[in-house]
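Colleague: If you scroll down you'll find the structure; I have some questions about it.
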Amino acid sequence: MFTRTDDKITASQAAVFLNNSVLGAGILTLPRGVSEAVKTPDSWISILLSGVIVMLVILLMVKLSQQFPGQTVFQYAGRISGKFIGGLLCLLLAIYFVVLAGFEIRSLAEVTLFFLLEGTPIWAVIVPFIWAGTYLVCGGINSIARVFQIILPISIVVLLISYGVSLRLFNLDHLRPVLSDGIAPVLRGLKPTVLVYTGCEVTMTLVAFMQQPRQAVKAMLAGIGLPLCLYLLTVLVVIGGLSIDSAITSTWPTIDLIRSFEITGFFVERLEFPLMVIWLMQMFCNFCSFFFQASLGFSQIFRLKLKPVIFVMVPLIFLASMVPKSVGDVFALGDAIGNMGIALFILIPLLHSGIWLLRKKGVKQNG
Amino acid sequence: MLSSIIAHIPDWLVFFQAAIAFLLPVGANYLYNILNAWGNTGRFTAAAAGRNAAHKDKTALSASQPSPSSASGTPFSGNYAADLQAIRSAIGSNSDLHFREFPLTKLHTKGTLIYVDGMQNDRLLNLRIMEYLMFEATADTLASPLNSVPAMPFSDLTAAADLTAFNRSVLFGHAGLLIDGMPHGLLIELPGGANRSVTEPVSEALLRGPRLGFSEVLSENTSMLRCQGFSDGLELKSYRIGNQMQKDLVIAYMKDIVNPELLQEVETRISTIDSDFLAESGYVEQLIEDNWLSPFQQVQNTERPDRVISALMEGRIAILLNGTPFALIVPVTFSMLLQSPEDYYERWLPGSLLRMLRFAAAFLALMAPALYISFISFHPGLIPTELAISIIEARQGVPFPSIIEVLILEVSIEILREAGIRLPKPVGPAMGIVGGLIIGDAAVNAGIVSPFLVIVVAVTAISSFSIPMYSAGITLRLLRFAGMLFAAFLGMFGTILFFLLLCSHLTKLKSFGVPYLTPVSPFRLRDWKDLFFRAPLSLMKRRPAMLKTQNDRRKSKV
């Protein structure tokens, strides 16, 4: 076939898709969130541990999705747990994606208003951004994955350069002592760190879009491995550079770290500008991913055409993003989303795998 | 619980904003659909492709025939006097048409030579052909056993199918021959109208590389392609397109390399062209491109035979039209617009360097004014303090916001550039100096624009000239203004939004089924050797993967 008519993505595209869905607001907020909970410099161990947990979760999701080739979770959930319960849970998942999209875009707007566009009305930032996302999402999963492929390498390069340059502030003493208070603080940090991986639920739909679903495990693990490394690096660099105390007190610790030094003799004195640029682009990816998942969910649950659903999502996401009244509300919403993500994980992949296993066993015994 | 929920319900203004946020994309989508349906009448569309496939036989038929009316074209009656009379009454009123009646002495019959002034070599016509016909032609030569065409010693000799075709060919410049006792009119001698000599391509000059450029004559152009080397792979397929005035069009491809599905696609699109007259290959380009609403060209045009032949060797297809020196190459990807044949003729290091320079120049040509606006008007804090201070000092006398300032200078530079194309050659440089130097300097002194902006605009203008494809340069000029508007509204945020929108659009765009941004995305590592870098020739062992060629080896040993 010279012209491809099917809307499928390759394994590498799927990996990039998952990566860009997960890698988002956390780059700027993770060091604070995790430090608040851990209160010792051991937060990087929490990240590693939670990364392993999330990998197991994703493995479960992939294995479940592979039982139903070509079907997304919105289609197969009904087949496992019955039309009503499955439909209800999927609706919950779709709403979760809407709220997530609203949350991402709201935190983007907060950062933009704080650093770039002081005094601009918030809708003037949010609405054009949603419109741009609508244009992309209308192109289908292939276009989205391709934009991700363009943006990801730029993000990684800029991120690594920024961190590399900020190593001049790095002080290993900020990360010591290791495990001074035992393992307890590390476990306390698990929850906020698991939360930065919210969005990994896209795995359950991505597998259906893959050209070769057999490569799904490798692709998805690679897709979650990259953000794991980047988050680990972020926490190491930020806490190593700022120390745990300043990381807790600042709202956006990563930007504060990058702002705290100047490179003389370069066109941009502070790397905060390129960091902001790639972070905005990364948030766009993040947002588009959830926007697409939400539209896909509603269109598949109610058997509607995708395009009208995308347009209906626009005001819903806008409203979702306008619900928090303040930055504090935004972070509270973030926590709520994290809890919701855990609940959804228990309800959908875990419960459904259980039911599926039971049913399969039952069939075998009967047969 | 309930009160906290109520407290978080946004006020009616937010709902109003949500409604606007909803209505605009819906309206835009509606408008797009209407525009698309409206603009796609009478040109190729993906939706119509299936329909066309059903009607393919019909269209192929009408493409091969001289005209839609030829289905009822008058046949030759076989009677010499009647045919001659019919020709006279049909086209005899043309003042430049000559009827030269002569006797054929050996046959004791007569014939008429019909030709148009100025399209034939008169000397040859008079001396050789007339001499042969009048004194040497015998009955044997007219009644050839081999085929319907008599055995006469002319290399170009065809029998016209019917009177309509005969008349048309004669007026196009063929010499027509009507002989008593022959059932058909004969066409001898190809038209030889006025044309210019072959010159160096004007729009794509190179320092190193062939100096040969296409001319307006199709047969010369195809011969230039043939002259590129010995091969039996190069295949040319001829079409005759146009309802009112027909023109010859040739599709060129390497038959053992090109993907047959791509070839099929191009043929379908060509045969669905429904137009009165194709004045230039730009007409063909616009009638077969995938998305006519996109600012980006989806077909590459070139006047260089070497560029065409290397594209054919990659598995692409070229379309040549009679009467224009611009050949079309399909499918095209974004990176091709920034590549020059010279990249391959120079050694790989300078080639790669120049290519990366061009990518940087394209970025500047697109983004520099937008970045200027967002830095100056929105985020002076993001640039080094000394620089910000000196720029702001220089701008102190300027009464306009930066967007107006940039627009003033950008528009005047665009006007200057447009005027420069039309200026007579001796005046051109003088006007360039007056327009560029004097007006720029005076504008700074008069306090309308800041000197820093003059640098930005000049760098932008020069960068856009470094793009090897003229039409791609126009696209970037156009988009630059869009970028400036985004920057004027939302600063850096708007600029990023503009970039993201551009990326989204480019990833959706396809040229004859090939995604426009290949090999960046979809990611094809193999093709990256010829993207920002130009890998050494010894490493480019395979043809581009994106074209899915039949035979993808460039070397005998891989």
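Colleague: Here is a list of conditions, (1) in contact with a helix residue (DSSP H, G or I) (Cβ under 7 Å, 6 or more places away or on another chain); (2) part of a helix (DSSP H, G or I); (3) away from chain A (no Cβ under 14 Å), and B:ALA311 meets all of them except one; can you say which number that is?
Modeller: The number of the failed condition is (1).
Colleague: Just one of (1) away from every other protein chain (no Cβ under 14 Å); (2) at pLDDT below 75; (3) in a helix (DSSP H, G or I) trips up B:ALA37, so point out which.
Modeller: Checking B:ALA37 against (1) away from every other protein chain (no Cβ under 14 Å); (2) at pLDDT below 75; (3) in a helix (DSSP H, G or I), the one that fails is (2).
Colleague: Under the condition of being surrounded by fewer than 19 Cβ atoms within 10 Å (Cβ to Cβ) and part of a loop (DSSP other than H, G, I, E, B), which residue from the range A:306-354 is farthest from the other protein chains (Cβ to nearest Cβ)?
Modeller: A:SER326
Colleague: Which ones in the range B:1-24 are at the interface with chain A (Cβ under 7 Å from one of its Cβ atoms) and part of a helix (DSSP H, G or I)? Walk me through how you get there before you give the answer.
Modeller: Step one: list which residues in the range B:1-24 are at the interface with chain A (Cβ under 7 Å from one of its Cβ atoms), which gives B:8, B:10, B:14, B:17-19, B:21-22, B:24.
Scanning the range B:1-24 gives B:HIS8, B:VAL14, B:GLN17, B:ALA18, B:ALA19, B:ALA21, B:PHE22, B:LEU24.
Colleague: Within the range B:512-537, can you find the residues that are assigned to a loop (DSSP other than H, G, I, E, B) and either farther than 25 Å from A:GLY140 by Cα or among the basic types (Lys, Arg) (or both)?
Modeller: Of the residues in the range B:512-537, the ones assigned to a loop (DSSP other than H, G, I, E, B) are B:512-513, B:516-524, B:531-536.
Of everything in the range B:512-537, those that are assigned to a loop (DSSP other than H, G, I, E, B) and either farther than 25 Å from A:GLY140 by Cα or among the basic types (Lys, Arg) (or both) turn out to be B:ARG524, B:LEU531, B:PHE532, B:PHE533, B:ARG534, B:ALA535, B:PRO536.
Colleague: Here's a follow-up. Select from the range B:503-519 the residues that are among the hydrophobic types (A, V, I, L, M, F, W, C) and touching a residue at least 60 places away in the same chain (Cβ under 8 Å) and list them in ascending order. Reasoning before the result, please.
Modeller: Narrowing the range B:503-519 to residues among the hydrophobic types (A, V, I, L, M, F, W, C): B:503, B:506, B:509, B:512, B:514, B:517.
Those that are among the hydrophobic types (A, V, I, L, M, F, W, C) and touching a residue at least 60 places away in the same chain (Cβ under 8 Å): B:LEU506, B:LEU509, B:PHE512, B:VAL514, B:LEU517.
Colleague: Please determine, by comparing only the residues of the range B:368-388 that are in contact with an Asp or Glu (Cβ under 8 Å, 6 or more places away or on another chain) and either among the hydroxyl-bearing types (Ser, Thr, Tyr) or without any contact (Cβ under 8 Å) to a residue 40 or more places away in the chain (or both), which one is nearest to the other protein chains (Cβ to nearest Cβ).
Modeller: B:PRO384
Colleague: Mind counting the residues in the range B:499-509 that are facing another protein chain (nearest Cβ under 8 Å) and within 28 Å of B:ASN259 (Cβ to Cβ)?
Modeller: 5
Colleague: Pull up the range B:243-264, narrow it to residues that are assigned to a loop (DSSP other than H, G, I, E, B) and in contact (Cβ under 8 Å) with a residue 24 or more places away in the chain, then point me to the one that is farthest from B:GLN300 (Cα to Cα).
Modeller: B:GLN244
Colleague: Within the set of pairs 6+ apart or on separate chains, which have a first residue in the range A:355-367 that is under 17 Å from A:ILE85 (Cα atoms), a second that is at pLDDT below 75, and C-beta atoms under 6 Å apart?
Modeller: Partner pairs satisfying both residue conditions: none exist.
Colleague: Ok, one more. So which residues in the range B:399-415 are outside any helix (DSSP H, G or I) and either under 15 Å from B:LEU485 (Cβ atoms) or in contact with a strand residue (DSSP E or B) (Cβ under 8 Å, 6 or more places away or on another chain) (or both), if there are any at all?
Modeller: Within the range B:399-415, just B:PRO401 meets the criteria.
Results for (1) crowded, with 21+ Cβ neighbours inside 10 Å; (2) basic (Lys, Arg); (3) within 14 Å of chain B (Cβ to nearest Cβ); (4) farther than 30 Å from A:ARG270 by Cα, shown as yes or no for each residue.
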| position | (1), (2), (3), (4) |
| --- | --- |
| A:PRO153 | no, no, yes, no |
| A:TYR163 | yes, no, no, no |
| A:LEU172 | no, no, no, no |
| A:LEU179 | no, no, no, yes |
| A:ARG188 | no, yes, no, yes |
| A:THR193 | yes, no, no, no |
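Colleague: Of everything in the range B:202-219, what is surrounded by 15 or more Cβ atoms within 10 Å (Cβ to Cβ) and within 20 Å of the chain's Cα centre (by Cα)? Give them in sequence order.
Modeller: Restricting attention to the range B:202-219, the residues satisfying the condition of being surrounded by 15 or more Cβ atoms within 10 Å (Cβ to Cβ) are B:203-204, B:206, B:209-210, B:212-218.
Selection gives B:SER203, B:GLU204, B:LEU206, B:LEU212, B:GLY213, B:PHE214, B:SER215, B:GLU216, B:VAL217, B:LEU218.
Colleague: State the number of residues belonging to the range A:115-132 that are more than 7 Å from chain B (Cβ to nearest Cβ), more than 18 Å from A:ALA320 (Cα to Cα) and free of Cβ contacts under 8 Å to residues at least 40 places away in the same chain.
Modeller: 3
Colleague: Looking for whichever is of a type outside the set (Lys, Arg), in a loop (DSSP other than H, G, I, E, B) and at pLDDT 80 or above here; the options are B:PRO210, B:PRO191. Which one fits?
Modeller: Working: B:PRO191 fails: at pLDDT 80 or above.
Just one listed residue meets the conditions, B:PRO210.
Colleague: Give the number of residues within the range B:530-547 that are within 22 Å of B:PHE334 (Cβ to Cβ), out of contact with any Ser or Thr (no Cβ under 6 Å at 6 or more places or on another chain) and either surrounded by fewer than 17 Cβ atoms within 10 Å (Cβ to Cβ) or not charged (D, E, K, R) (or both).
Modeller: Counting residues in the range B:530-547 that are within 22 Å of B:PHE334 (Cβ to Cβ), out of contact with any Ser or Thr (no Cβ under 6 Å at 6 or more places or on another chain) and either surrounded by fewer than 17 Cβ atoms within 10 Å (Cβ to Cβ) or not charged (D, E, K, R) (or both) gives 7.
Colleague: Tell me whether the range A:65-72 contains one or more residues that are buried (at least 22 other Cβ atoms within 10 Å of the Cβ), touching a residue at least 24 places away in the same chain (Cβ under 8 Å) and part of a helix (DSSP H, G or I).
Modeller: yes
Colleague: Another question, then. Spot the failing condition for A:GLN293; the list is (1) crowded, with 22+ Cβ neighbours inside 10 Å; (2) within 11 Å of another protein chain (Cβ to nearest Cβ); (3) not β-branched (Val, Ile, Thr), and only one is missed.
Modeller: The single condition A:GLN293 does not satisfy is (2).
Colleague: Okay, next question. Just to be sure I understand the filter: pairs with C-beta atoms under 6 Å, separated by 6 or more residues or on different chains, first member in the range B:265-278 and within 14 Å of chain A (Cβ to nearest Cβ), second member of a type in the set (Phe, Trp, Tyr). Which pairs pass?
Modeller: Cβ pairs passing all conditions: B:GLU265/B:PHE512; B:ARG269/B:PHE44.
Colleague: Scanning for something within 30 Å of B:THR333 (Cα to Cα) and part of a helix (DSSP H, G or I), does the range B:433-450 turn up at least one residue?
Modeller: Checked the range B:433-450: no residue is within 30 Å of B:THR333 (Cα to Cα) and part of a helix (DSSP H, G or I).
Colleague: Determine, yes or no, whether B:GLY473 is closer than 25 Å to B:GLU204 by Cα and touching a Phe, Trp or Tyr at 6+ places or on another chain (Cβ under 9 Å).
Modeller: Taking the combined requirement at face value, the residue satisfies it.
Colleague: Let me ask something additional. Going by the structure shown, is A:TYR135 in a helix (DSSP H, G or I) and without any contact (Cβ under 8 Å) to a residue 12 or more places away in the chain?
Modeller: Yes, satisfied.
Colleague: How many residues are basic (Lys, Arg) and assigned to a loop (DSSP other than H, G, I, E, B) when one looks only at the range B:283-308? Full working, then the answer.
Modeller: Restricting attention to the range B:283-308, the residues satisfying the condition of being basic (Lys, Arg) are B:304, B:307.
Subset that is assigned to a loop (DSSP other than H, G, I, E, B): B:304.
Number of matching residues: 1.
Colleague: Just a yes or no: is a residue in the range A:82-100 within 14 Å of another protein chain (Cβ to nearest Cβ), of a type outside the set (Ser, Thr, Tyr), farther than 27 Å from A:LEU242 by Cβ and surrounded by 24 or more Cβ atoms within 10 Å (Cβ to Cβ)?
Modeller: The answer is no, given that none of the residues of the range A:82-100 is within 14 Å of another protein chain (Cβ to nearest Cβ), of a type outside the set (Ser, Thr, Tyr), farther than 27 Å from A:LEU242 by Cβ and surrounded by 24 or more Cβ atoms within 10 Å (Cβ to Cβ).
Colleague: Same structure, new question: Taking interchain pairs and intrachain pairs at least six residues apart, which have beta carbon atoms under 6 angstrom, with the first residue in the range B:520-542 and touching a residue at least 12 places away in the same chain (Cβ under 8 Å) and the second surrounded by 15 or more Cβ atoms within 10 Å (Cβ to Cβ) and small (Gly, Ala, Ser)?
Modeller: B:ARG524/B:ALA545; B:ARG526/B:ALA545; B:ASP527/B:ALA545; B:LEU531/B:SER335; B:PHE533/B:SER352; B:ARG534/B:GLY351; B:ARG534/B:SER352
Colleague: Acidic (Asp, Glu), touching a residue at least 24 places away in the same chain (Cβ under 8 Å) and surrounded by fewer than 24 Cβ atoms within 10 Å (Cβ to Cβ): does that describe A:GLU104?
Modeller: no
Colleague: Any idea which residue in the range A:257-275 is farthest from the other protein chains (Cβ to nearest Cβ), counting only those that are farther than 12 Å from A:LEU159 by Cβ and touching a residue at least 40 places away in the same chain (Cβ under 8 Å)?
Modeller: Within the range A:257-275, the match that is farthest from the other protein chains (Cβ to nearest Cβ) is A:LEU257.
The values are calculated or read from the model by the stated rules, or taken from the named source; none is laboratory data. In this text the structure is predicted, and so the values were computed from the model without any measurement. Neighbour counts run over all protein chains shown; Cβ positions are idealised from the backbone, glycine included.
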